[in-house]
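Here the structure is laid out as structure tokens; the discussion comes afterwards.
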Amino acid sequence: MTVLRSVVLGCGSYLPERILTNAELATQIDTSDEWIVQRTGIRQRHIAAEGEFTSHLAINAARSALTHAGVDAQSIDLIVLATSTPDNTFPATAVAVQNGLGIHHGAAFDLQAVCSGFVFALATADNFLRSGAFKRALVIGAETFSRILDWNDRGTCVLFGDGAGAVVLDAQAQPGKSSDRGVLTTHLRSDGRHKSKLYVDGGPSSTRTVGYLRMEGREVFKHAVGMITDVIVDAFEASRTTAEDINWFVPHQANKRIIDASAHKLHIAPQKVVLTVDRHGNTSAASIPLALGVAVADGRIKQGDLVLLEAMGGGFTWGSALVRW
Ligand code: UT7
């Protein structure tokens, strides 16, 4: 028996040129490199240039993923772009990306699940590919969080950065075993009771403004590890795998303490954890594909490896995905 799987053909990423270090931030607000590193593991973040939009970052990441995959843009018939910082309220940033890549067929849409956006987008594209509705997808996470930060709020502005990452998924027949290449299982959750713990205080329907990010950091922290580990246990059970089988853990990069605590609770060895939060900060939906880009480029993630993805963020939303590279 064969089944359709969404096989990763390639990945790519893009970071804006400008780097903002903790030391530079400390000259603008009452903070220090020591506080930020100790509480979060973040040392620097990238900031998009004036006139550089989410779609521009996404197009660069998508081009790099297409090149890495060795496929032509015209072979893509689905684009799912996860972002909470779209160029405009509408149309979807995904159609700007589609047009920028010269693709005028198939479908392109945005998906909004804040920091869990990439996992939600991967699961969405995977379901479309496995159903046979589309054959080849670009799944993109792209953000310009610097545009929705209150740069006077030291509790939030030190945490986030800009960037984009993308993967190319291809529907391929596989034997239907856990040794198959491709997305093996995805698990998505949300609970709106927590919606006011991490939100943006503006929007087209409520205030007619864009608004700024607001967060009760300690509340988010309190729930993060439990939610992350629950949904990873779901992935292990559904795929009959264990932490031992995992080659690489590529979590959402929000805070090194959350990542370390989650890996420890799941008995995932520290050397299997891909960490980029020090260099990128929290890039929300872009953080996982950016981290994948780093670990593939430096030769850690190789074909056949079992890669565990996980994210948690505003909503709350949270999710996991298990992918055989
Ligand atoms: O993608 C998912 C989204 N977000 C997250 O995962 C974030 C989850 N939360 C966290 O990572 C942490 O809660 C933070 C890193 C945001 C904050 O760490 P914390 O240990 O929870 O600190 P806190 O907010 O409880 O603040 C402790 C102290 C406070 O001072 P007092 O009241 O004890 O005098 C803050 O005013 O640290 C102060 N503080 C700062 N000090 C220097 C807050 N931000 C800063 C700062 N620099 N940037």
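Going by the structure shown, is Gly10 open to solvent by 40 Å² or more (accessible area, probe 1.4 Å), at pLDDT 95 or above and not β-branched (Val, Ile, Thr)? The answer is no for Gly10.
Restricting to the range 103-117, and then to whatever is open to solvent by less than 30 Å² (accessible area, probe 1.4 Å) and assigned to a loop (DSSP other than H, G, I, E, B), can you tell me which residue is farthest from Asp162 (Cα to Cα)? Among those that are open to solvent by less than 30 Å² (accessible area, probe 1.4 Å) and assigned to a loop (DSSP other than H, G, I, E, B), it is Ile103. So, Ala96, is that one aliphatic (A, V, I, L, M), out of contact with any strand residue (DSSP E or B) (no Cβ under 6 Å at 6 or more places or on another chain), open to solvent by 10 Å² or more (accessible area, probe 1.4 Å) and in a loop (DSSP other than H, G, I, E, B) or not? For Ala96, the condition - aliphatic (A, V, I, L, M), out of contact with any strand residue (DSSP E or B) (no Cβ under 6 Å at 6 or more places or on another chain), open to solvent by 10 Å² or more (accessible area, probe 1.4 Å) and in a loop (DSSP other than H, G, I, E, B) - is not met. Contact annotation: residue pairs with Cβ atoms under 7 Å, 6 or more positions apart or on different chains, pairing a residue in the range 29-43 that is more than 20 Å from Asp260 (Cβ to Cβ) with a partner that is near the ligand (Cβ under 7 Å from one of its atoms), are Ile29/Arg154; Asp30/Arg154; Thr31/Arg154; Thr31/Val158.
One residue alone among Arg45, Arg39 is in a strand (DSSP E or B), within 16 Å of the ligand (Cβ to nearest atom) and farther than 18 Å from Val139 by Cβ, and that residue is Arg45. The residue that is farthest from the ligand (Cβ to nearest atom), among those in the range 1-36 that are in contact with a helix residue (DSSP H, G or I) (Cβ under 7 Å, 6 or more places away or on another chain) and in a helix (DSSP H, G or I), is Ala23. So Glu310 fits all but one of (1) touching a Pro at 6+ places or on another chain (Cβ under 7 Å); (2) over 23 Å from Gly161 (Cβ atoms); (3) not basic (Lys, Arg); what number is the exception? It fails just one condition, (2). Looking at the range 164-178, can you tell me whether even one residue there is touching a residue at least 12 places away in the same chain (Cβ under 8 Å), more than 24 Å from Gln253 (Cβ to Cβ) and under 20 Å from the mean Cα position of the chain (by Cα)? Within the range 164-178, one or more residues are touching a residue at least 12 places away in the same chain (Cβ under 8 Å), more than 24 Å from Gln253 (Cβ to Cβ) and under 20 Å from the mean Cα position of the chain (by Cα). Taking first residues from the range 215-233 that are more than 30 Å from Gly202 (Cβ to Cβ) and free of Cβ contacts under 8 Å to residues at least 60 places away in the same chain and partners that are of a type in the set (Lys, Arg) and open to solvent by 30 Å² or more (accessible area, probe 1.4 Å), the Cβ contacts under 6 Å between residues at least 6 apart in sequence or on separate chains come to Thr229/Lys265. The lone criterion from (1) away from the ligand (no atom under 13 Å from the Cβ); (2) open to solvent by 10 Å² or more (accessible area, probe 1.4 Å); (3) of a type in the set (Val, Ile, Thr) left unmet by Thr317 is number (1).
The values are calculated or read from the model by the stated rules, or taken from the named source; none is laboratory data. Given the structure is predicted, the values throughout are model-derived calculations rather than measurements. All Cβ positions, even for glycine, are placed from backbone atoms using ideal geometry, and neighbour counts span all protein chains on display. Just the protein is used for accessible areas: all its heavy atoms, side chains included, with ligands, DNA and RNA removed. Shrake-Rupley method; radii C 1.70, N 1.55, O 1.52, S 1.80 Å.
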